[in-house]
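To keep things clear, I will list the structure first and then write my remarks on it.
The values are calculated or read from the model by the stated rules, or taken from the named source; none is laboratory data. Since we're looking at a predicted model, the values are computed, not measured. Glycine gets a Cβ as well: all are built from the backbone with ideal geometry, and neighbour counts include every protein chain shown.
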Amino acid sequence: MDLGIGGRRAAVAAASGGLGFASALALAEEGATVAICGRDGTRLADAAARIDAAVGRSCCTPIIGDVSDAAGAAGFVTAASEAFGGLDILVTNAGGPPPGNFASTVIDAFPAALSMNLLSVVAMCKAAIPAMQAQRWGRVVAITSLAVRQPMANLILSSTARPGATAFLKTVARQVAVDGVTVNSVQPGIHATARMTALYGDDPAAATVGIPAGVTGDPGDFGKIVAFLCSEQARFVTGAAVNVDGGANAALM
């Protein structure tokens, strides 16, 4: 199915690896021009080269940047917009905060987590959405976490910061829908990424505990879900928070 986003201009944050990279690749495969960011210039350049090679054209612009705070997050969006002469698609993303529970996590750890997983989302949206409203077309997809729906005991920082981002996105979605801009989030469960290995080690059995599907997620599949939410066909989907978790979410809603 043609998603209708060929030639669209996309910015995907924290996309030198993991789910960000998979999302950028999926958008490029659909014909979009993509800007990606990361802190490691060498790793970022390699990621951009791999995306270009995979789609057989020069379409990916690497922008060195750190989206762990509001200034860096807004700076990435501004740089991508300047590189492309505007933006049509924004995929917000950032690294996950350190693991820890109530007892082990000191209060001083919370501001950095809120900055990285809440305020960075706000800053990227503030930098991108007004121009999307002016052009009467835009797509925003935030990569968050299953921890929004189902708090995880050893991810208390993520379980605290990301629900705030989800509430912000839902509020914004209702305010900008009339301007042709959709705002959604995607809540990944456990996928085969470096983040998963850092949290659960190399034991696949440990990583799949609690996943009814019995396997970890494929980042490539995840990226295609992000791309669909950026499509023409998804124009009537906004304010949604889509969990992609192999059935791990046990809630009814």
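Before moving on, here are some points about what is shown:
- Flag for C60 being in contact with a strand residue (DSSP E or B) (Cβ under 6 Å, 6 or more places away or on another chain), of a type outside the set (G, A, S) and either in contact (Cβ under 8 Å) with a residue 60 or more places away in the chain or farther than 18 Å from V140 by Cα (or both): yes
- Residue match in the range 203-211 (condition: over 22 Å from A11 (Cβ atoms), touching a Phe, Trp or Tyr at 6+ places or on another chain (Cβ under 7 Å) and free of Cβ contacts under 8 Å to residues at least 12 places away in the same chain): yes
- Qualifying residue in the range 66-81 (condition: modelled with pLDDT under 95 and either surrounded by fewer than 19 Cβ atoms within 10 Å (Cβ to Cβ) or not aliphatic (A, V, I, L, M) (or both)): no
- The set of residues from the range 87-129 being in contact (Cβ under 8 Å) with a residue 60 or more places away in the chain, within 28 Å of V183 (Cβ to Cβ) and not hydroxyl-bearing (S, T, Y) comprises L87, D88, I89, L90, V91, N93, A94, G95, G96, P97, M124, A128.
- Residue match in the range 134-153 (condition: assigned to a loop (DSSP other than H, G, I, E, B), free of Cβ contacts under 8 Å to residues at least 24 places away in the same chain and small (G, A, S)): no
- Test: residue in the range 118-133 that is outside any helix (DSSP H, G or I), touching a helix residue (DSSP H, G or I) at 6+ places or on another chain (Cβ under 8 Å) and closer than 25 Å to E30 by Cα: no
- Members of the range 135-153 that are more than 22 Å from K224 (Cβ to Cβ) and touching a helix residue (DSSP H, G or I) at 6+ places or on another chain (Cβ under 8 Å): R136, A147, P151, M152
- Hey, F84 within 26 Å of K224 (Cα to Cα), under 15 Å from the mean Cα position of the chain (by Cα), at pLDDT 95 or above and aromatic (F, W, Y) or not: no
- In the range 3-31, residue surrounded by the most Cβ atoms within 10 Å (Cβ to Cβ) [restricted to those that are closer than 16 Å to D88 by Cβ and free of Cβ contacts under 8 Å to residues at least 60 places away in the same chain]: A28
- Flag for R149 being modelled with pLDDT under 95 and over 22 Å from A79 (Cα atoms): yes
- Qualifying residue in the range 158-174 (condition: at pLDDT 85 or above, surrounded by fewer than 20 Cβ atoms within 10 Å (Cβ to Cβ) and over 19 Å from the mean Cα position of the chain (by Cα)): yes
- Hits in the range 212-253 (condition: surrounded by 15 or more Cβ atoms within 10 Å (Cβ to Cβ), among the charged types (D, E, K, R) and in a loop (DSSP other than H, G, I, E, B)): D245
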